[in-house]
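The values are calculated or read from the model by the stated rules, or taken from the named source; none is laboratory data. What you see is a predicted model, and the numbers here were worked out from it, not measured in a lab. Backbone-built Cβ (ideal geometry, glycine too); neighbour counts: all protein chains shown. Keep in mind that these areas ignore ligands, DNA and RNA; they rest on the heavy atoms of the full protein, side chains included. Shrake-Rupley method; radii C 1.70, N 1.55, O 1.52, S 1.80 Å.
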Amino acid sequence: MASETKEIQEFEYQAEMQQLLHLIINSLYTHPEIFLRELISNASDAINKVRFRQLTDKDLLNPDLALQIDIQLEAKENTLSIQDYGIGMTKDDLIERVGTVASSGTLELVKQLQGEGKPIDANLIGQFGVGFYSVFMVADEVAIETRHADIDSQGYRWTSKGEGKFSIEEIDRPNRGTTVTLKLKESANEFSEAYKVKNVIEKYSNFVDFPINVGEERANTVSALWYKSKSDISDEELNEFYKFVSNDSREPLGHLQLSLEGAVNFKALLFIPESPPLGIIREEDLTTPHLYSNRISIQENCKDLLPEYLRFVPGVVDTEDLPLNVSREFTQDSPVMRKIRNILVKRLLSLLGEWAEKEEEKYEKFFKSFGPLFKTGVPSDHENRDALLDLLRFESNRTEPGKFTSLKQYVEGMKEEQTEIYYLAGEHREVLERSPNLEYFKKNEIEVLFMTDPADAFILPAIDKYDEKPLKTIEKADIDVQRDAEALKEALASEDAISVIDAMKEILGDRVEDVVESKRLVDSAATLVVGDKGFDTQTERMMRMMNQEFKGSKKILEINTSHPLIKNLARIQKAESDKELIETCTLQLFEGALLNYGELETPAELLHRMTDIMERATRS
Ligand code: ADP
């Protein structure tokens, strides 16, 4: 055999390549492990290409080679090599693809970002089509041995130390495909350990469609489930996959599988968990879908795939329409991303809509778990507002505790003459049920929605109307109710009412906005309501929480002129017999109502007055 020494050709990288290289090495050091993702992704692409060629071209080198990726580690030598029997590379490929910056203007962009002080992160680097060069974060020396899949191809060895130069020589290589060998840096020797490498594979490349072997062992356990047709996936596989993407050990409440082709191409497998981890919604615990490009992980927990109010949905979205390794900035704004997001939202909402209609219990479970976050879609997602409104659920004075009604059901159950949708906001159902403002509605069997979730205060202004009917808190002064005939018969004559009301106005002065005769009270003597510009109690409470300085609006005191106490006061007022008693009772009614509202700053005087009143009552 002629052992002629083959010619070694030396090349210089493009000038800008050297600068980029420097940037890559210096900006990615916090995530050195991504080099492996890049290499596996290249290998997987190469195998995909050969698989495609095999469909039409019988004249390929080694048609029977396994479509798999093999990783060999030598801890002693501190080397890692990754081999695929993919499409391989020609000499031109090695010069033009490996040694160049894919897109022109890349360096300018990098310099611009640097000038603006913006970080150059892993995702950004990938976008430039120079992923391969991330190997120089962990390796002092890299060799690529490769042979193209064409029958008459020649094998080559490419080597570089990443210092601006690479060399290429011809080699004898019987098989098609590529072997990349890294001489690892001392600081990166962990990548010659199987456990570490498997770990990285599980994190970034678990769903690569081809087996990845580390030594003799297969490292990627889960196949790309979302590529299978719905009928081919077992419940067990789904649950297993859910656990993997969500870190939740329970079973999901449900899932959504999509495969779309057309204006935008993607596959998705998304899950709705049973409840948030730890039972409460904390942003840092929630998981969003992983973004894949052709089975290769691009971004874990990609936030841009779903709007904020759906960011409790884990899973995978896989699209070939986005370049591998897109930057975060890019995914946010890209039209592809927007299209995908819009479709995902619509499909998720319609899945939830189906549950709401056909699987009420499941839907209620979902709503109890994620309602507080989910609802915030109402003010933020105008496009899907109608669907979102229909998916809202509330307790009401007509539901059992823990059971829900919807706006649609509310409207269906409205009284004939009723024009408004009523609600009452507060912290607990029990408190709301005791509100004097509710008396009229209870008596007349009119439904009042209970808004007990703090998020309700934020979404209410955005609801405004449903089915043309305005939503109105029954704490407002101007609700459209008619006093019933029975109560009217009992009520004070109007001049007596006016007289006692005037007296009260004088006593309360500017502590109230007004004192008026109530149409809504049935059993209680007095209540507080808010005027036109005021907020309801719950909203005020929220505002106070956000701003200590916030002062609530003045309230209107409504009095029940059919109530014996008010009638007695009117009589005393008329006789002008005991001004002091009227004053004590008025203050007591007002402060009692404030207490009920949770707005009485100190109960001292209320208690003091109460003692006085009891003393008078027991004097005999
Ligand atoms: P990207 O993969 O984003 O294009 P890389 O720097 O990772 O950028 O790779 C550059 C090019 O080198 C690839 O586009 C491909 O043409 C070629 N290449 C890299 N690895 C392989 C491989 N294992 N088999 C065949 N071609 C490869």
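Tell me which of these HIS608 doesn't satisfy, since it passes every other one: (1) touching an Asp or Glu at 6+ places or on another chain (Cβ under 7 Å); (2) open to solvent by 90 Å² or more (accessible area, probe 1.4 Å).
(1)
Quick one: would you say GLU33 is more than 13 Å from the ligand (Cβ to nearest atom), under 23 Å from TYR133 (Cα atoms), modelled with pLDDT under 95 and open to solvent by 10 Å² or more (accessible area, probe 1.4 Å)?
yes
Please work out which residue is nearest to the chain's Cα centre (by Cα), limiting yourself to segment 472-490 and to residues that are among the aliphatic types (A, V, I, L, M) and under 20 Å from ASN568 (Cβ atoms).
Ranking the qualifying residues of segment 472-490, first place goes to ALA487.
Scanning for something in a loop (DSSP other than H, G, I, E, B) and at pLDDT 95 or above, does segment 363-372 turn up at least one residue?
Within segment 363-372, not a single residue is in a loop (DSSP other than H, G, I, E, B) and at pLDDT 95 or above.
Just to check your reading of the model, which residue among PHE441, PHE450, PHE458 is under 21 Å from LEU373 (Cβ atoms), modelled with pLDDT under 95 and among the aromatic types (Phe, Trp, Tyr)?
Sole residue among the options that is under 21 Å from LEU373 (Cβ atoms), modelled with pLDDT under 95 and among the aromatic types (Phe, Trp, Tyr): PHE458.
How about segment 71-107: which of its residues are modelled with pLDDT of 95 or more, under 17 Å from ALA46 (Cβ atoms), under 42 Å from the mean Cα position of the chain (by Cα) and among the aliphatic types (A, V, I, L, M)?
Listed by number, the residues that qualify are ILE71, ILE82, ILE87.
If you go through segment 394-402 one residue at a time, do you hit one that is in contact with a strand residue (DSSP E or B) (Cβ under 6 Å, 6 or more places away or on another chain) and of a type in the set (A, V, I, L, M, F, W, C)?
Looking through segment 394-402, at least one residue is in contact with a strand residue (DSSP E or B) (Cβ under 6 Å, 6 or more places away or on another chain) and of a type in the set (A, V, I, L, M, F, W, C).
For the structure I just gave you, tell me whether GLN54 is more than 12 Å from the ligand (Cβ to nearest atom) and closer than 13 Å to VAL180 by Cα.
No, not satisfied.
Residue-by-condition table, conditions (1) open to solvent by 50 Å² or more (accessible area, probe 1.4 Å); (2) out of contact with any Pro (no Cβ under 7 Å at 6 or more places or on another chain); (3) within 16 Å of the ligand (Cβ to nearest atom):
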position	(1), (2), (3)
PRO277	yes, yes, no
PHE312	no, no, no
SER350	yes, yes, no
TYR363	no, yes, no
SER369	no, no, no
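Check whether at least one residue in segment 552-568 is under 26 Å from ARG434 (Cβ atoms), modelled with pLDDT under 80 and open to solvent by 10 Å² or more (accessible area, probe 1.4 Å), and report yes or no.
Scanning segment 552-568 turns up at least one residue that is under 26 Å from ARG434 (Cβ atoms), modelled with pLDDT under 80 and open to solvent by 10 Å² or more (accessible area, probe 1.4 Å).
In this structure, is GLU16 part of a helix (DSSP H, G or I), in contact (Cβ under 8 Å) with a residue 12 or more places away in the chain and among the acidic types (Asp, Glu)?
Against the criterion (part of a helix (DSSP H, G or I), in contact (Cβ under 8 Å) with a residue 12 or more places away in the chain and among the acidic types (Asp, Glu)), GLU16 qualifies.
Given the conditions (1) open to solvent by less than 50 Å² (accessible area, probe 1.4 Å); (2) over 25 Å from SER380 (Cα atoms); (3) not in a strand (DSSP E or B), which single one is not true for ILE298?
Only one criterion is unmet by ILE298, namely (3).
Can you pull out every residue in segment 352-395 that is over 22 Å from GLN257 (Cβ atoms) and polar (S, T, N, Q)?
Of everything in segment 352-395, those that are over 22 Å from GLN257 (Cβ atoms) and polar (S, T, N, Q) turn out to be THR376, SER380.
Could you tell me how many of the residues in segment 575-594 are surrounded by 13 or more Cβ atoms within 10 Å (Cβ to Cβ) and either farther than 26 Å from GLU513 by Cβ or not hydroxyl-bearing (Ser, Thr, Tyr) (or both)?
Qualifying residue count for the region: 13.
Within the set of pairs 6 or more residues apart or between chains, which connect a residue that is open to solvent by 20 Å² or more (accessible area, probe 1.4 Å) inside segment 84-97 to a residue that is near the ligand (Cβ under 6 Å from one of its atoms) and hydrophobic (A, V, I, L, M, F, W, C) with Cβ atoms less than 6 Å apart?
That search, which allows pairs on different chains as well, returns ILE87/ALA46.
Residues being under 20 Å from TYR363 (Cβ atoms) and modelled with pLDDT of 90 or more: count how many of those fall in segment 276-292.
The qualifying residues number 0.
Considering only segment 383-413, state which residues are open to solvent by less than 30 Å² (accessible area, probe 1.4 Å) and closer than 12 Å to VAL448 by Cβ.
PHE394, SER396, THR399, THR405, TYR410
Counting only residues that are touching an Asp or Glu at 6+ places or on another chain (Cβ under 6 Å), give me the strands (runs of 3 or more DSSP E) lying completely in segment 377-478 with at least 3 of them.
469-473
Hey, ILE40 hits all of (1) within 26 Å of LYS203 (Cα to Cα); (2) open to solvent by 20 Å² or more (accessible area, probe 1.4 Å); (3) not in a loop (DSSP other than H, G, I, E, B) but one; which does it fall short on?
So ILE40 meets the others, but not (2).
Are there any pairs, at least 6 apart or on different chains, whose C-beta atoms fall under 8 Å, with the first in segment 137-151 and in a loop (DSSP other than H, G, I, E, B) and the second within 11 Å of the ligand (Cβ to nearest atom) and of a type in the set (Asp, Glu), and if so, which?
As it stands, the answer is HIS148/ASP93, since those pairs meet every condition given.
Of everything in segment 486-506, what is under 18 Å from ILE582 (Cα atoms) and open to solvent by 50 Å² or more (accessible area, probe 1.4 Å)? Give them in sequence order.
Hits for segment 486-506 are GLU495, ILE498, ASP502, LYS505, GLU506.
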